[in-house]
1. Segment 38-63 to segment 80-99: how many Å between their Cα centroids?
2. Can you give the charge dipole size of segment 30-144 about its Cα centre, rounded to the nearest 20 debye, using +1 on the beta carbon of Lys and Arg and -1 on the beta carbon of Asp and Glu?
3. Quick one: what are the phi-derived ³J(HN,Hα) couplings along segment 76-89, Karplus 6.51/-1.76/1.60 with θ = phi - 60°, whole Hz, x for glycine and proline?
4. Full-extension gain between K112 and L73, please, as 0.36 nm times their residue separation minus the C-alpha to C-alpha distance.
5. Gain in length, D65 to L93, computed as 0.36 nm per residue apart minus the alpha-carbon separation, to one decimal in nm?
6. At a 10 angstrom cut-off on C-beta neighbours, averaged per residue, how do the peptides 87-93, 110-116 rank from highest to lowest?
7. For D62, what is the net charge nearby, where nearby means another residue's Cβ is under 14 Å from its Cβ and Lys, Arg count +1, Asp, Glu -1?
Amino acid sequence: MEFGRFLITASFLGAFMLVVSAETVKPPAHHRDGIFSLGDKNNDSILSLPECTQVWSTFDVDSDDMISKIEFLFRWRFSNLNDAKHAPLFFRLIDVDFDGSISKSEIEKLCKFFDDDEDGRISMFEYDLTWEGLFNFIRTDSDLL
Ligand SMILES: [Ca+2]
Ligand SMILES: [Ca+2]
Ligand SMILES: [Ca+2]
């Protein structure tokens with residue numbers, strides 16, 4: 001009798017752990033409403049490298065091949081992208097040479113950085129993984145409320 005109860009408890013706990021770990025492993029997909037879906041023009045759930053560089057280049061509002069901080073912040077807010085209050089930090093992360101603007105080569109580097117298996121296409125999984133690593137570590141407690 002006791003053993004039976006133990007088994008039930010154990011299998012219940014096991015199922016519970018599975019649910020919890022599945023929840024933890026699965027990357028949240030909320031940001032797909034943003035850059036990914038903006039960039040995925042042919043809706044095949046893949047962001048090709050040209051689609052990726054294209055969507056970031058829409059941040060270059062005055063078409064001078066450089067994305068200034070103002071352009072970046074403006075576009076981020078205008079597109080209603082997530083975590084707008086952290087956009088200055090995102091800008092800093094993409095501006096790898098720290099010269100205060102994002103160049104075409106920095107966009108290309110960013111897009112290639114997302115493409116983990118280097119097949120020239122960014123899958124949703126690759127996108128989620130890198131987005132989480134790059135941008136979502138700064139989530140604050142207030143965002144969880
Ligand atoms: Ca510009
Ligand atoms: Ca730069
Ligand atoms: Ca890929």
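1. The distance from the Cα centre of segment 38-63 to that of segment 80-99 comes to 17 Å.
2. In debye, rounded to 20, segment 30-144 gives about 420.
3. 4, 5, 4, 7, 6, 6, 5, 6, 4, 5, 9, 3, x, 6
4. The K112-L73 span can extend by a further 11.8 nm.
5. 8.2 nm
6. In decreasing order of mean packing, 87-93, 110-116 become 110-116, 87-93.
7. -2
All of the numbers you see were taken from the coordinates with simple rules; none came from a lab. Note that the structure is a prediction, hence the values are computed from the model and not measured. Reconstructed Cβ throughout: ideal geometry from the backbone, glycine too, with neighbour counts over all protein chains shown.
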